[in-house]
Number of protein chains: 2
Amino acid sequence: MGAKIRFFRGINYLWVINRTVVMTPEITFPSLLDIRTAHARIQPMIHRTPILTSSAIDRIAGCEIYFKCENFQKVGAFKARGAANAVLKLSSQQQSRGVATHSSGNHAAALARAASAAGINSYIVMPSTAPEIKKKAVESYGGQIIFCEPTLEARQHTLEEVVSDTGATFIPPYDHLDVIEGQATCALEIWEEGLSLEALVAPVGGGGLLGGTALTTHSLVPTCKVYGAEPEGADDAYRSFQANQLIPMANPKTIADGLLTSLGNLNWAIISRYVADILTANDAEIIAAMRLVYERMKIVIEPSCAVPLAVVLKYPECFIGKKVGIILSGGNVDLGKLPF
Amino acid sequence: MGAKIRFFRGINYLWVINRTVVMTPEITFPSLLDIRTAHARIQPMIHRTPILTSSAIDRIAGCEIYFKCENFQKVGAFKARGAANAVLKLSSQQQSRGVATHSSGNHAAALARAASAAGINSYIVMPSTAPEIKKKAVESYGGQIIFCEPTLEARQHTLEEVVSDTGATFIPPYDHLDVIEGQATCALEIWEEGLSLEALVAPVGGGGLLGGTALTTHSLVPTCKVYGAEPEGADDAYRSFQANQLIPMANPKTIADGLLTSLGNLNWAIISRYVADILTANDAEIIAAMRLVYERMKIVIEPSCAVPLAVVLKYPECFIGKKVGIILSGGNVDLGKLPF
């Protein structure tokens, strides 16, 4: 592995801060063996989540859908996989200094929990304006919160300070090979069920889950088409796909609050190679799909999680009559603010 | 079986209309063999629902809870079991004339669906004021709705007319041995998992589920205590239990809308013999338990379904340190009116 990788793995917090770093083709993505090894590594820290079906939704969609329920995952989201893998792959010297990230979402909770489970410290940089419920989640998993002003600059600066003071390793939420490798274990569990899917749909925000899903599926069942599902109001992956180059997201606006982030560099490198297409849905379509899951499947999902079903219903030309896998990414929703 | 039973099975719609009929000890309750036979009978029409656990809720409750998820059952509630059993036990002559009931709740949908699956007609008497969503549910399962004025008299009169016009068999929602036998198959599935539970808690409204649960458990594991969980605002089972005689409910008021009904005669006969105790919770406690299930288990349940967890949290003296089964009875909730 070349200099870029050393840079990424070494002082990797700069990777996200300095977005001008250019990807080169010399990067080695996790292999199927790497993903299988990661799965064995994180096994004690995660749930093997169930795959559910709904004959009512199948009738509506005109296809046979298999829902991989990561809303039942530890911390309520697939993020538990990537965070656990990244923490467990650190050297014992690195582990002794802890891990750090800036996030107020599922990654923060997942990293705090993975660190606690591994018996190490975690430092979570959060804007002082973060909702009380998110702070409590991180604290309940044993994470140490460092508050900052609610600006990108303050967040990055505070993270740099924390890393410099503690020697902790920065684990970014998606633009990191160990995180992607961890998220790739979700599709591995799907394929281990022997379902002979013809299409597999995952939501795309930063691209950790979609990237990992594409890597696993390309290795195991290259004939299966992997689709990214994205909100119209945060469609950087869609536009990047159309333009054949990474276009960062500016001013995203969607109810799917887990998908507001821009696609990562590593993630784009994988997605541009191995994903069949990016399909988008608007907020009304996302809410309708979300409601359908609550009503027919009786499970709790967050809005971001409903985007794959929304696109499966919206683009029958891609899915009708097929066996389709959908990754339900998470269930951490503010129950007081459900959109119905 | 004596005259009372013939009366019940024959023109059984009179049973509910004429509440002065007195139970006699000559009634033979379904045996374990009957319940096993019912389970085999309804198998093609129902789901074998999963049993879920939550380490977070276990920590809060101080006991080991196994949740039997009938919210994932066909039509979203355990009612699918009793309705299927009652329909399938009819003679082919009875079946050819269809089935009838008055209900706007889960039993109506369950009976319509069971009838459709058996290829027979179902006539559902509903108040003209019933919510649109309930009408649609019955129609979507192929039930024929007959509207009546929203009074008890109109409902009973309309049902009598329907039965007299069509020759359909009235299948009441709970006060019926075949219905109870069907609901008893839920506990059978729990015990087949070999969980060595020390307590099993089911909600109680009319008493079909609790009665069936008590019958199965008494036959299989008589050392396991079966508890009924009831809202304070509809506590006829609790008061009946205290008074050692059936006291009908007057003016019930609770968020647990599936438990507003008065305990049935047959149901009381079973419950008074085989249930250890009836525990009650108020609406605030029910809502808190409901929220806990949404947040920690990521599943959708209706308020009635949260009453067992509410009492397990409220009465630690009965449950702490034990292996406890909870039947989550259903998930048909108006998502626009969630109490949080």
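Within the span defined as the stretch A:202-209, every residue fails to be in contact with a helix residue (DSSP H, G or I) (Cβ under 6 Å, 6 or more places away or on another chain), in a strand (DSSP E or B) and in the same structural domain as A:P127 (by TED's automatic domain parsing).
Might you let me know whether the stretch A:171-193 holds any residue that is more than 24 Å from A:G330 (Cβ to Cβ), buried (at least 20 other Cβ atoms within 10 Å of the Cβ) and out of contact with any Gly (no Cβ under 9 Å at 6 or more places or on another chain)?
Narrowing the stretch A:171-193 to residues more than 24 Å from A:G330 (Cβ to Cβ): none.
Taking every residue of the stretch A:171-193 in turn, none turns out to be more than 24 Å from A:G330 (Cβ to Cβ), buried (at least 20 other Cβ atoms within 10 Å of the Cβ) and out of contact with any Gly (no Cβ under 9 Å at 6 or more places or on another chain).
Please verify whether A:D334 is among the acidic types (D, E), within 25 Å of A:G82 (Cα to Cα) and either surrounded by fewer than 24 Cβ atoms within 10 Å (Cβ to Cβ) or within 14 Å of chain B (Cβ to nearest Cβ) (or both), treating the condition exactly as stated. So A:D334 fits the description; yes. The residues listed here are B:P222, B:P231, B:P248; of these, the one that is away from chain A (no Cβ under 14 Å) and either more than 25 Å from B:L177 (Cα to Cα) or surrounded by 19 or more Cβ atoms within 10 Å (Cβ to Cβ) (or both) is B:P231.
Is it the case that B:T185 is of a type in the set (S, T, Y), part of a helix (DSSP H, G or I) and either touching a helix residue (DSSP H, G or I) at 6+ places or on another chain (Cβ under 8 Å) or under 20 Å from B:I326 (Cβ atoms) (or both)? Considered against the rule, which asks whether it is of a type in the set (S, T, Y), part of a helix (DSSP H, G or I) and either touching a helix residue (DSSP H, G or I) at 6+ places or on another chain (Cβ under 8 Å) or under 20 Å from B:I326 (Cβ atoms) (or both), B:T185 comes out as yes. When you check B:R81 against the structure, is it at pLDDT 95 or above, closer than 30 Å to B:R296 by Cα and surrounded by fewer than 19 Cβ atoms within 10 Å (Cβ to Cβ), yes or no? Criteria not met by B:R81. For the stretch A:300-329, taking the residues that are surrounded by 24 or more Cβ atoms within 10 Å (Cβ to Cβ) and either aromatic (F, W, Y) or within 9 Å of chain B (Cβ to nearest Cβ) (or both), the one that is nearest to A:G208 (Cα to Cα) is identified as A:I301. Hey, can you tell me all the residues within the stretch B:57-90 that are more than 14 Å from chain A (Cβ to nearest Cβ), of a type outside the set (K, R), out of contact with any Phe, Trp or Tyr (no Cβ under 9 Å at 6 or more places or on another chain) and under 28 Å from B:A137 (Cβ atoms)? Within the stretch B:57-90, B:A83, B:A84, B:N85, B:A86, B:V87, B:L88, B:L90 meet the criteria.
Taking each residue of the stretch A:244-259 that is farther than 14 Å from A:I287 by Cα and looking for partners that are in a loop (DSSP other than H, G, I, E, B) and hydrophobic (A, V, I, L, M, F, W, C) with beta-carbon atoms closer than 6 Å, six or more apart or interchain, yields A:P252/A:L260. Considering the stretch B:42-75 alone, what residues qualify as being in a helix (DSSP H, G or I) and over 19 Å from B:L188 (Cα atoms)? If the condition is that a residue be in a helix (DSSP H, G or I) and over 19 Å from B:L188 (Cα atoms), then B:S55, B:A56, B:I57, B:D58, B:R59, B:I60, B:A61, B:V75 are the ones that fit. Checked against the criteria, B:G62 does not count as closer than 19 Å to B:L260 by Cβ, small (G, A, S), at pLDDT 95 or above and out of contact with any strand residue (DSSP E or B) (no Cβ under 6 Å at 6 or more places or on another chain). Within the option set B:T261, B:T254, B:T280, being at pLDDT below 95, of a type outside the set (F, W, Y) and out of contact with any His (no Cβ under 7 Å at 6 or more places or on another chain) holds for one residue only, B:T261.
The values are calculated or read from the model by the stated rules, or taken from the named source; none is laboratory data. Predicted model, so just to flag it, every value in this text is computed and none were measured. No Cβ is skipped: glycine too gets one built from the backbone with ideal geometry, and neighbour counts run over all protein chains shown.
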